[in-house]
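Student: Below you'll find the structure I mean.
None of the figures in this text is laboratory data; all of them are computed from the coordinates on show. Because the structure is a prediction, the values reported are computed rather than measured. Here the Cβ positions follow ideal geometry from the backbone for every residue, glycine too, while neighbour counts run over all protein chains shown.
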Amino acid sequence: MSDQSANGTVHREEPTETVSNGGRNSDGTARMLSRWTFEYEPARLIVREYMSGRTLNACAGKTKLQHDGEIVRNDLNPDRDADTNHDVAEIADYFEPCSFDTVIFDPPFDEKQAETKYDGLHAMDVYAALEDFNELVRPGGHVITFGWNSWGMRSFSAFERVETVLLQRGPIHRDVIVTVDRRTTHSLTSNNGCTLQTDADRKGGGSR
């Protein structure tokens, strides 16, 4: 698995876990990855492992995640059951800097998918959304990204890669790639108003 950066450098990394499609969920129902990602139990389990504190579900969709902390559900579609309907490319305009411990980013993965499965709605600029998440996540917090590539938050020096998971969909379909990136406290040099916090400071509503 590889990604090419703007200067042409190819970064290769091995996934930390691979999950094959099919089988049964813990409740006995069929386990299949569909357009509603978090109806798929392995995807929910990855999110639950890292979700803590105040959480932004940036492209919430249909499925509601279970969490004992606050979840702000955002979806561009005004017909969804969401708290806000902001374009993720501008979402930092609507919240205070460093106001989330976790951001979950599960957008339509490309324009074709947006047209066929999500009423044609998609973010204006995915990179701009990642820039906004860099502003919103507190030190020690995580950004969990779903998509066709493993880039995640690699563009931002304050983040380090924690996990890369392949959700396999079968022999003729592309894998869905999940990246988990943690904002490190020791590399906090941004000017976005974040204050340094320890892990003990930020733990107050985790699901783990």
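Student: For S155 and E14 in one chain, what is 0.36 nm times their gap in residues minus the Cα-Cα distance, to one decimal in nm? Don't skip to the end; give the middle numbers.
Tutor: On the way: separation 141, 0.36 × 141 = 50.76 nm, distance 1.86 nm.
Taking 0.36 nm per residue and subtracting the Cα distance, the gain is 48.9 nm.
Student: Describe numerically, in nm with one decimal, the distance between label points set 7 Å from Cα along Cα→Cβ at H173 and at K64.
Tutor: 2.7 nm
Student: For N85 and T29, FRET efficiency with R0 = 41 Å and r from the beta-carbon atoms, rounded to 0.05?
Tutor: Details: r = 31 Å, r/R0 = 0.75.
The value I calculate is 0.85.
Student: Per residue of the range 33-42, what does 6.51 cos²θ - 1.76 cosθ + 1.60 with θ = phi - 60° give for ³J(HN,Hα)? Whole Hz please, x for Gly and Pro, Karplus curve as stated.
Tutor: So the Karplus estimates, Gly and Pro as x, are 7, 10, 5, 9, 3, 8, 6, 8, 4, x Hz.
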